[in-house]
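Novice: I have a structure here, written as C-alpha cells, and I will follow up with some questions on it.
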Amino acid sequence: CLKENVDFILICGDLFHIGIPDMGAVKNCVQKLKKVYDRGIPVYVIYGSHDYNPNTDSMVDVLNSAGLITNIVLSEEKGGKIRLSFFIDPKTGAKITGINAKKGGIERIYYERLDRARLEKEDGFKIFCLHIGLTELTPPHMAAMDTIPTSLLPKGFNYYAGGHIHQRIEQ
C-alpha cells in the first residue's frame, strides 16, 4: 500500500484471528498501521467474525480509539429497518458503508432488514463493505459456510469489498 501510494485501505474484517489477540501480533500490526498513518493513508475497517467479541471491546475498538483505523459502520434502526449511513473519505469523496460481522453468520438478519432503497438512491462513488460469504460466489470447498445471496446486497455500488472467504474473487 505504501509502494502504490493508495488513497485509503479497506479491511473487511478479521484484522486479527481473535477479538483479543496475542500481543506480538498486535505490536506488529500497530507498527504497520503507524507507517501508513504517518504517510496520511487512512485505514477503514469493519468487524470480521474473528474481530467480534460479545462481552467486551476488541482490538479493533482499541485501534479505532487510538486513531490508527476508522470503523466505518454507522447504523441505526428505524421502523424495523437497518439504516446505514455513509462514511465519506475526505480526500477522494468516496462514500463507504457496510455491515459488521458477528459470530456464526448471525448478521444475516441485518442484510434481510437492510434499508437497501435508501442506500441505492445515494449518488456518487459508493463502496459497500461486507464480511460474509456470497452464496453465488462461495467456492465449492466452502459450501457449508454461512452465506447470503447477492440479492440481499444494495444495488448500484461502484465497488463491493468483501472479507470472510480469505481468497481474492473478482466478478
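Novice: Name the residues in the range 53-98 that are assigned to a strand (DSSP E or B) and closer than 19 Å to Ile18 by Cα, would you? If you could, list the steps in order and put the result at the bottom.
Specialist: First pass over the range 53-98, keeping only residues assigned to a strand (DSSP E or B): 70-71, 74-78, 81-85, 87-88, 95-98.
Correct list: Thr70, Asn71.
Novice: Give the number of residues within the range 93-114 that are without any contact (Cβ under 8 Å) to a residue 40 or more places away in the chain and surrounded by fewer than 19 Cβ atoms within 10 Å (Cβ to Cβ).
Specialist: Applying the first criterion (without any contact (Cβ under 8 Å) to a residue 40 or more places away in the chain) to the range 93-114 yields 93, 95, 97, 106-107, 109-110, 113.
This time we only want the ones that are surrounded by fewer than 19 Cβ atoms within 10 Å (Cβ to Cβ), so: 93, 106, 109, 113.
Within the range 93-114, residues that are without any contact (Cβ under 8 Å) to a residue 40 or more places away in the chain and surrounded by fewer than 19 Cβ atoms within 10 Å (Cβ to Cβ) number 4.
Novice: Okay, next question. Can you tell me how many residues within the range 136-161 are touching a Gly at 6+ places or on another chain (Cβ under 8 Å), in a strand (DSSP E or B) and open to solvent by 60 Å² or more (accessible area, probe 1.4 Å)? Give the steps one after another, and end with the answer.
Specialist: The first filter runs over the range 136-161 and keeps only residues touching a Gly at 6+ places or on another chain (Cβ under 8 Å), leaving 142, 145-148, 161.
Of the ones still in play, those that are also in a strand (DSSP E or B) are 147-148, 161.
Right, trim to open to solvent by 60 Å² or more (accessible area, probe 1.4 Å) and you get none.
Of the residues in the range 136-161, 0 are touching a Gly at 6+ places or on another chain (Cβ under 8 Å), in a strand (DSSP E or B) and open to solvent by 60 Å² or more (accessible area, probe 1.4 Å).
Novice: Considering each of Gly124, Gly133 in turn, give the residue that is crowded, with 19+ Cβ neighbours inside 10 Å, in contact with a Gly (Cβ under 9 Å, 6 or more places away or on another chain) and free of Cβ contacts under 8 Å to residues at least 60 places away in the same chain. Please lay out each step first, then the result.
Specialist: Values: Gly124 fails: crowded, with 19+ Cβ neighbours inside 10 Å.
Only one candidate qualifies: Gly133.
Novice: Let me ask something else. Here are some residues: Val43, Val62, Val36. Which one is of a type in the set (A, V, I, L, M, F, W, C), closer than 24 Å to Ser85 by Cα and touching a strand residue (DSSP E or B) at 6+ places or on another chain (Cβ under 8 Å)? Before you say what the answer is, go through the steps one by one.
Specialist: Details: Val62 fails: touching a strand residue (DSSP E or B) at 6+ places or on another chain (Cβ under 8 Å); Val36 fails: closer than 24 Å to Ser85 by Cα.
Exactly one residue qualifies, and that residue is Val43.
The values are calculated or read from the model by the stated rules, or taken from the named source; none is laboratory data. All values reported here derive from a predicted model rather than from experimental measurement. Cβ atoms come from the backbone with ideal geometry, glycine included; neighbour counts cover every protein chain shown. Just the protein is used for accessible areas: all its heavy atoms, side chains included, with ligands, DNA and RNA removed. Shrake-Rupley method; radii C 1.70, N 1.55, O 1.52, S 1.80 Å.
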